[in-house]
Amino acid sequence: MSAFFSNSLTGRIVRRVTLCVFTLWLVGSVLAAFVIHDELGEAFDSGLQETARRTLPLAVQFHMNRSGQDRPARMPAFTSSEGGKTSNKLDESRISGEYLIYQLRDGTGNVLLRSHDTTDTPFDAPLQAGFWEDSNYRYYTESSVSSSLFLQVAEPMAHRHEAALESSLAVLLPLIVLVPAIVVAIWLSVRSGLVPVRHLRDEIGLRGGGNLDPVELDETPRELSGMVNAINMLLVRLRAALNAERSFAANSAHELRTPIASALAQLQQLQLEVGDNSPVRERTQKVEMSLDRLRRLSEKLLQWSRAEAGIGRSPHPHQLSPIVEMMIEDIERSNRFTNKLVATYDDVPLIAAVDPDAFGICLRNLLENALLHGTNAEPVQVHATGPATISVENACPVIPPELLGRLANRFERHGSHPESTGLGLSIATTIISQAGGTLELMSPRPGKPDGFVAILNLG
C-alpha cells in the first residue's frame, strides 16, 4: 500500500488533498479557538457582572443585619421559602463546587463578607468599579450607591483556559477521528475521477505494430483531449514511418532477388567453364556462399516485412498438420542441412486460427534455426501436441539466460554460423503474437542437461 501511494498519481493526489484539508481544518480550528476564547471571555465577564449586581444588595443587607461584628463573616446562600419570602438559610449543597468566589469590602479594603471557599485575605484587585485580572483570577468590582461598600467577584483563570481548551479540542478532535474516512473518501473520488485516464492507458496499450488506429474515447475530458490529439498525431507519424520501413524492406528484398539470382547463375556458369582444377575454383565457391547467404537474407527481410504487415491472424481455424509435413519435406529435399528432422504427432489434430502461409513462415524459421544451431548428435525433434501447440527442440550447449531473453529480438544471434541472419525467431515471434499465441524459448530442454526448445502456442 505504501509503495502504491508513493508511486501512483492517485496516491500523490490523495496525499496532497488530505494535507490541504488537514492544514485548512487546523487553521480553521486555530481561528475558531481565538473566536471561542473571545466569546467565552465575554460570556464569563457577563456572568461575573450579573452575579456581582445581583449579589451586592443581598450582601449589603446581610452585612447591615449583623452590624457590630468586626470579624469577616461567610455569607450563606439565599434561598426562597414558602410564600415567596427570602430567607438567610445556608444551603451548603448548592454552593459547593462553584467557580465564583466573592468578597464584600469596605472603602479601606477590609473584608466584611466572603464566600464559603475563599479566605479573609483581601483580593489583589483595586477597589474600582469594573474588570481587573491577574495571573490567577479575573475580577469584577461593583460598588454600592454611596461607594462605601464594594463587592468583588472573582473567577479562576484556569477555569476559563480549561473551557477554551475543551471547546477548541471539540473542533479539532473530529478531524483526527475522521482522517481515515477523509483519506478513503478522497481516494475513492480521485479513483473515480481518473477512470478516463485508465481507459486512455488501456487504449494506448492496445496499440502496437499491428494496430495503429487512432485512440478514441467515449467521453474525453477537456484535460485529456490535448493528450489524445497528440497521441493520435504520433500514431499517424509512427504508421507512416513503419509503412515506409516495411515498404523499403519489402521492395529492397524483392528487387535484390533478381540480381542475386542472376549473379548466382553467372557464377555457377563460370565455375563450369573454369573447371574443378582451376586456381580460382575455391574463390568462386566462397563468392557463391556469400551470394547464397545474401539471397537467404533478402528472403528473411521479405518475410519480416510480411510479418510486420500483420498476416498472422485468420478469422477461421485451419488444419495445420499438413503444413508441418510439407515444411519438413521441403527442408529435407533442399539438402542444406546434415542433421535430420523427426516429427511426432499426438492423436489430436493441430488446428488454430492462424493464416496457413504465416504459420508456414513461422514454422520454417523455427526448423531452420534448430537445424543451423543444433548438433548432429541428435536429430531435431518436432512434436505437435495439439490442438494448438507444437515444439521444436535440438541438442546444443546451454544458452545463458541473459541471452535467451534477447533471442527473439531482430538481428540477435547465438553462435557464429555463417547462414544465421538473426531474424528467424523475431519473425516467428511477430507472426505468432499477431495470431494471439506465444513463443516460449527454453534452454536447457525439460528433463535434459542441454539443448534448446521453442514451444509454439497457437492460442
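The values are calculated or read from the model by the stated rules, or taken from the named source; none is laboratory data. Treat the numbers as computed from the prediction; the structure is a model and nothing was measured. Please note: Cβ atoms are built from the backbone with ideal geometry, for glycine as well, and neighbour counts cover all protein chains shown.
Among the residues of region 186-216, the ones that are free of Cβ contacts under 8 Å to residues at least 24 places away in the same chain, surrounded by 14 or more Cβ atoms within 10 Å (Cβ to Cβ) and of a type in the set (A, V, I, L, M) come to 1 in all. Filtered by the rule that a residue be in a helix (DSSP H, G or I) and modelled with pLDDT of 85 or more, region 282-320 gives no residues.
When you scan region 419-432, do you find a residue that is without any contact (Cβ under 8 Å) to a residue 12 or more places away in the chain and either hydroxyl-bearing (Ser, Thr, Tyr) or within 30 Å of Leu291 (Cα to Cα) (or both), even just one?
First, the residues of region 419-432 that are without any contact (Cβ under 8 Å) to a residue 12 or more places away in the chain: none.
So far as region 419-432 goes, no, none of its residues is without any contact (Cβ under 8 Å) to a residue 12 or more places away in the chain and either hydroxyl-bearing (Ser, Thr, Tyr) or within 30 Å of Leu291 (Cα to Cα) (or both).
Only one of the numbered conditions (1) under 13 Å from Leu48 (Cβ atoms); (2) touching a helix residue (DSSP H, G or I) at 6+ places or on another chain (Cβ under 7 Å); (3) not in a strand (DSSP E or B) is violated by Val171, and that is (1).
Counted as qualifying within region 1-107 are the helices (runs of 4 or more DSSP H) with 3 or more residues that are at pLDDT 55 or above, surrounded by 16 or more Cβ atoms within 10 Å (Cβ to Cβ) and in the same structural domain as Ala125 (by TED's automatic domain parsing), namely 9-65.
Could you tell me whether any residue of region 323-336 is more than 17 Å from Ile432 (Cβ to Cβ) and crowded, with 17+ Cβ neighbours inside 10 Å?
We begin by selecting, within region 323-336, every residue more than 17 Å from Ile432 (Cβ to Cβ); these are 325-326, 328-336.
Checking which are crowded, with 17+ Cβ neighbours inside 10 Å leaves us with 328, 331.
Yes, that holds for at least one residue.
Criterion first (touching a Lys or Arg at 6+ places or on another chain (Cβ under 7 Å) and closer than 23 Å to Glu42 by Cα) does Gln152 satisfy it? Considered against the rule, which asks whether it is touching a Lys or Arg at 6+ places or on another chain (Cβ under 7 Å) and closer than 23 Å to Glu42 by Cα, Gln152 comes out as yes. Exactly one residue among Leu149, Leu165 is assigned by TED's automatic domain parsing to the domain that holds Glu39, in contact with a helix residue (DSSP H, G or I) (Cβ under 8 Å, 6 or more places away or on another chain) and modelled with pLDDT under 90, and that residue is Leu149.
Yes or no, residue by residue, for (1) farther than 22 Å from Pro317 by Cα; (2) part of a helix (DSSP H, G or I); (3) of a type outside the set (Phe, Trp, Tyr); (4) over 37 Å from the mean Cα position of the chain (by Cα):
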position: Pro349; (1), (2), (3), (4): no, no, yes, yes
position: Leu366; (1), (2), (3), (4): no, yes, yes, yes
position: Glu378; (1), (2), (3), (4): yes, no, yes, yes
position: Gln381; (1), (2), (3), (4): yes, no, yes, yes
position: Val398; (1), (2), (3), (4): yes, no, yes, yes
position: Leu403; (1), (2), (3), (4): yes, yes, yes, no
position: His414; (1), (2), (3), (4): yes, no, yes, yes
position: Leu441; (1), (2), (3), (4): yes, no, yes, no
position: Pro446; (1), (2), (3), (4): yes, no, yes, yes
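Going by what's in this entry, would Ala343 be described as of a type in the set (Gly, Ala, Ser) and within 23 Å of Glu412 (Cβ to Cβ)? Give the derivation first.
On the way: of a type in the set (Gly, Ala, Ser): yes; within 23 Å of Glu412 (Cβ to Cβ): no.
Spelling it out, it is not the case that Ala343 is of a type in the set (Gly, Ala, Ser) and within 23 Å of Glu412 (Cβ to Cβ).
Looking only at residues of region 419-439 that are part of a helix (DSSP H, G or I) and of a type in the set (A, V, I, L, M), we find that the one that is surrounded by the most Cβ atoms within 10 Å (Cβ to Cβ) is Ile431. Among the residues of region 373-390, those identified as crowded, with 20+ Cβ neighbours inside 10 Å and of a type in the set (A, V, I, L, M, F, W, C) are Val380, Val382, Ala384, Ala388, Ile390. Per the listing Asn251, Asn211, Asn229, Asn243, the residue uniquely among the polar types (S, T, N, Q), under 15 Å from Ala307 (Cα atoms) and either under 32 Å from the mean Cα position of the chain (by Cα) or at pLDDT 80 or above (or both) is Asn211. So, Leu234, is that one over 19 Å from the mean Cα position of the chain (by Cα), in a helix (DSSP H, G or I) and either closer than 30 Å to Ile427 by Cα or not assigned by TED's automatic domain parsing to the domain that holds Ile431 (or both) or not? Yes; evaluated as a whole, the condition is true for this residue.
Quick check: anything in region 331-341 without any contact (Cβ under 8 Å) to a residue 24 or more places away in the chain and on the phi > 0 side of the Ramachandran plot? Yes, there is a match, as at least one residue in region 331-341 is without any contact (Cβ under 8 Å) to a residue 24 or more places away in the chain and on the phi > 0 side of the Ramachandran plot.
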